1. Please specify each residue of the range 295-335 satisfying the condition of being under 15 Å from Trp557 (Cβ atoms), open to solvent by 10 Å² or more (accessible area, probe 1.4 Å) and more than 15 Å from the ligand (Cβ to nearest atom).
2. From the set of residues in the range 499-524 that are aliphatic (A, V, I, L, M) and open to solvent by less than 10 Å² (accessible area, probe 1.4 Å), which is farthest from the ligand (Cβ to nearest atom)?
3. What is the residue count in the range 525-540 for residues that are part of a helix (DSSP H, G or I), open to solvent by 20 Å² or more (accessible area, probe 1.4 Å) and not hydrophobic (A, V, I, L, M, F, W, C)?
4. Considering only the range 323-342, state which residues are farther than 16 Å from Pro409 by Cα and of a type outside the set (Val, Ile, Thr).
5. Hey, any hits in the range 576-588 for a residue that's open to solvent by 20 Å² or more (accessible area, probe 1.4 Å), free of Cβ contacts under 8 Å to residues at least 40 places away in the same chain and away from the ligand (no atom under 16 Å from the Cβ)?
6. Could you list, in sequence order, all residues of the range 257-278 that are open to solvent by less than 90 Å² (accessible area, probe 1.4 Å) and modelled with pLDDT of 75 or more?
7. Please enumerate the residues belonging to the range 280-294 that are outside any loop (DSSP other than H, G, I, E, B) and within 13 Å of the ligand (Cβ to nearest atom).
8. Name, by its number, the condition in (1) at pLDDT below 75; (2) loosely packed, with under 15 Cβ neighbours inside 10 Å; (3) in contact with a Pro (Cβ under 7 Å, 6 or more places away or on another chain) that does not hold for Glu63.
Amino acid sequence: MSSEKRSNDSQEVSDASIKRQDTSTKGIAQIKAEYIIPSTGPAQTRNEAIDTEEQPSDRMLVETGGGKGKGKKKRGQNKNRDNRQTKEENPLCPKFLQGNPESRGTQPCPFGDDCKFVHDVQLYLSTKKPEVESQFFKECPVFKSLGYCPMGFKCRFLGSHLNKDPLQLVQLESSERAKLYEANHEVNHISSDQKLDLVKKRFLFEKSEQVLEIIDALQRGASEGKNEEEKPKSDEPKAPQVLQREEEQRLRRDRQRELYNQYKDTRYFASEKKKLDLHHKKIVSPLTTVGNLPYRRLMRKLGADVTYSEMALAVPLIQGTNSEWALPKAHVSEYPGFGVQIACSKAWQAAKATEALAAHTSQVSEVNLNCGCPIDLLYRQGSGSALLDNPARMIRCLNAMSYVSGEIPVSVKIRTGTKDGHPVAGLLARRLVNETDVAAMTLHGRSRAQRYTKNADWDYVVRVAEELRSCEDEYDREGRQRSQRIQFVGNGDVNNFEDWYAHVNRSDAIDSVMVARGALIKPWIFEEVDAQQHLDKSSTERMDILKDYIQFALEHWGSDEYGVAQSRRFFCEFMSFFHRYIPMGICEKYPVQLNERPPNWKGRDEMETMLASPDASDWIKLSEMFLGKAEENFVFTPKHKSSSY
Ligand SMILES: Cc1cc2nc3c(=O)[nH]c(=O)nc-3n(C[C@H](O)[C@H](O)[C@H](O)COP(=O)(O)O)c2cc1C
């Protein structure tokens with residue numbers, strides 16, 4: 001990929017030759033006339049809608065019981081998605097993946113002849129789907145990067161690591177494989193025994209039990225204290241029942257004091273945890289569905305310093321659900337600088353999920369509480385942005401997390417508020433300083449109600465950052481000494497290096513900014529930040545980026561039938577953002593804003609036109625260039641109906 005400054009094509013075309021079309025309307029990207037495909041009707045743009053809010057993943061719908069029943073029609077969500085997976089007709093027994101277990105000296109299949117899967121490798125190969133015909137991968141990409149292929153005979157690129165006579169899989173020497181593994185493996189795997197302990201409720205949430213008792217007692221104390229203040233004082237002698245009640249209250253207060261002292265003595269201060277340094281770091285937002293491990297690995301390769309897991313729900317984590325525990329997994333290149341984000345509605349959920357995470361994952365730089373998610377399903381349950389309306393509960397969650405997370409720092413991501421015109425983030429910042437030990441806060445400059453309709457309010461983001469700093473100063477002046485400055489990260493509408501620097505440099509109170517859609521549409525955005533210039537990537541360079549994505553996807557999901565189908569599906573989800581890139585060279589006015597839509601346009605070459613297609617069937621065609629022909633019944637409907645804008 002070239003980071004050379006390119007000439008802007010606009011200079012090459014004289015003004016006189018540009019037959020301007022009327023694209024100067026607000027919200028419409030300005031494309032040079034020669035790239036516009038003339039429309040027959042009234043002014044036409046490629047897409048009608050604007051960006052919709054984050055959507056629940058299919059996993060979330062299952063785990064929260066959402067998506068069942070009638071429910072209201074969700075804005076922008078494709079509820080009738082049919083992303084079915086095909087299954088192999090005669091699946092090979094997992095014990096035979098790498099060949100006959102007995103001849104390799106490993107444990108035989110415990111089901112023997114009764115096994116419902118195929119044991120005869122020759123038979124399996126005779127019914128297996130043909131090899132993938134990829135224009136980009138002439139040999140198995142996973143074998144090439146690992147020195148062996150974990151999918152063995154099931155691999156759809158098997159030809160490149162199969163000896164036909166005798167029938168045997170090829171692999172590199174173990175020392176070479178070990179070297180490759182060192183730089184390329186996944187971390188934060190929970191073992192099946194650990195998962196089973198959670199499923200069977202055998203995991204002892206000892207720290208959570210401790211902190212929840214304290215938090216409950218403090219909360220009860222606070223509400224009893226309030227009631228007592230309201231009672232009028234009287235000099236009359238007290239009845240024995242009253243005296244007894246008072247004595248009970250006194251004992252409870254003593255117990256609370258004792259618990260509080262215990263809390264003070266045992267709690268972790270931010271300074272006792274791993275240091276979280278986000279200052280001027282290049283940060284990619286947590287992104288449900290699209291922010292999967294292969295995408296984050298790609299972003300690391302393209303210069304990101306900090307990445308976050310997709311949002312994991314606390315309750316299924318506590319219950320040991322497989323799909324939820326897949327989310328904290330990361331590529332080794334992501335650590336340090338990898339955060340796990342959780343969503344929950346109550347302190348017990350926050351504590352237990354965090355305690356399990358701290359016990360079962362080793363490479364996590366921060367645990368982040370999502371207090372910004374607008375999804376109705378979670379909001380109705382009191383999670384995500386619902387916590388903005390209940391700051392006391394948010395603080396209990398954060399303190400519980402801090403108590404149990406050991407040396408992992410805790411952070412929080414919020415929005416301006418839930419309603420338009422009622423921002424609460426400033427007050428929250430004050431409470432975070434005074435009442436919690438959070439190491440960082442991220443503020444997305446929009447309310448829940450606003451979704452993506454208006455621009456993020458960066459003036460407000462800056463005011464909150466400054467409010468945070470003045471609270472920290474007050475705190476210090478009172479001699480209470482915060483252990484370390486809370487890292488403040490702003491978020492919203494960062495789409496190019498100019499936005500990035502403008503926001504990062506606007507106030508010393510801001511440590512950095514977080515990028516979401518901008519990094520999906522233009523994954524090389526941090527390369528621009530480093531080069532401090534707009535980079536106009538050719539279609540060939542963009543295909544190389546997609547090739548890397550597919551490489552990482554196959555390494556993550558596998559190169560067998562299942563893995564190829566998963567890679568194709570998530571490739572298409574990625575394309576639902578990636579296709580929105582409008583190259584600088586075809587623009588009349590640059591940079592293009594995130595909410596600007598182009599009129600129908602054609603690229604500088606055929607591939608560029610194809611890469612910009614908003615049609616999901618073209619994304620499938622692109623996937624076929626990397627992954628071979630899609631199944632006849634492969635259908636893809638993006639999660640965001642109007643994912644284009
Ligand atoms: C597809 C998609 C998925 C998202 N998933 C999450 C998520 O899991 N957790 C989260 O805190 N925010 C999530 N967000 C919100 C972003 O992190 C970010 O706050 C928001 O998009 C504003 O940033 P932007 O203007 O740079 O896109 C998601 C946004 C998008 C577009």
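The values are calculated or read from the model by the stated rules, or taken from the named source; none is laboratory data. As the structure is a prediction and not an experimental result, all values here were calculated from the model. Counting neighbours? That spans all protein chains shown, and the Cβs are built from the backbone with ideal geometry, glycine included. Accessible surface is based on the protein model in full, side chains and every heavy atom, while ligands, DNA and RNA are left aside. Shrake-Rupley method; radii C 1.70, N 1.55, O 1.52, S 1.80 Å.
1. Arg297, Asn322, Lys329
2. Here is the first cut: in the range 499-524, the residues aliphatic (A, V, I, L, M) are 502, 504, 509-510, 513-516, 519-521.
Those still in the list that are open to solvent by less than 10 Å² (accessible area, probe 1.4 Å) too: 504, 509-510, 513-515, 519-520.
Numbers: Val504: 14, Ala509: 19, Ile510: 15, Val513: 8, Met514: 7, Val515: 5, Ala519: 7, Leu520: 7 Å.
The selected residue is Ala509.
3. Taking the range 525-540 and keeping what is part of a helix (DSSP H, G or I), we get 525-531, 539-540.
From the residues that got through so far, the ones that are open to solvent by 20 Å² or more (accessible area, probe 1.4 Å) too are 527, 530-531, 540.
Subset that is not hydrophobic (A, V, I, L, M, F, W, C): 527, 530, 540.
Qualifying residue count for the region: 3.
4. Selection gives Ser323, Glu324, Trp325, Ala326, Leu327, Lys329, Ala330, His331, Ser333, Glu334.
5. Within the range 576-588, not a single residue is open to solvent by 20 Å² or more (accessible area, probe 1.4 Å), free of Cβ contacts under 8 Å to residues at least 40 places away in the same chain and away from the ligand (no atom under 16 Å from the Cβ).
6. Leu259, Lys273, Lys274, Leu276, Asp277, Leu278
7. Of everything in the range 280-294, those that are outside any loop (DSSP other than H, G, I, E, B) and within 13 Å of the ligand (Cβ to nearest atom) turn out to be Ile283, Val284.
8. Going through (1) at pLDDT below 75; (2) loosely packed, with under 15 Cβ neighbours inside 10 Å; (3) in contact with a Pro (Cβ under 7 Å, 6 or more places away or on another chain) one by one, Glu63 breaks only (2).
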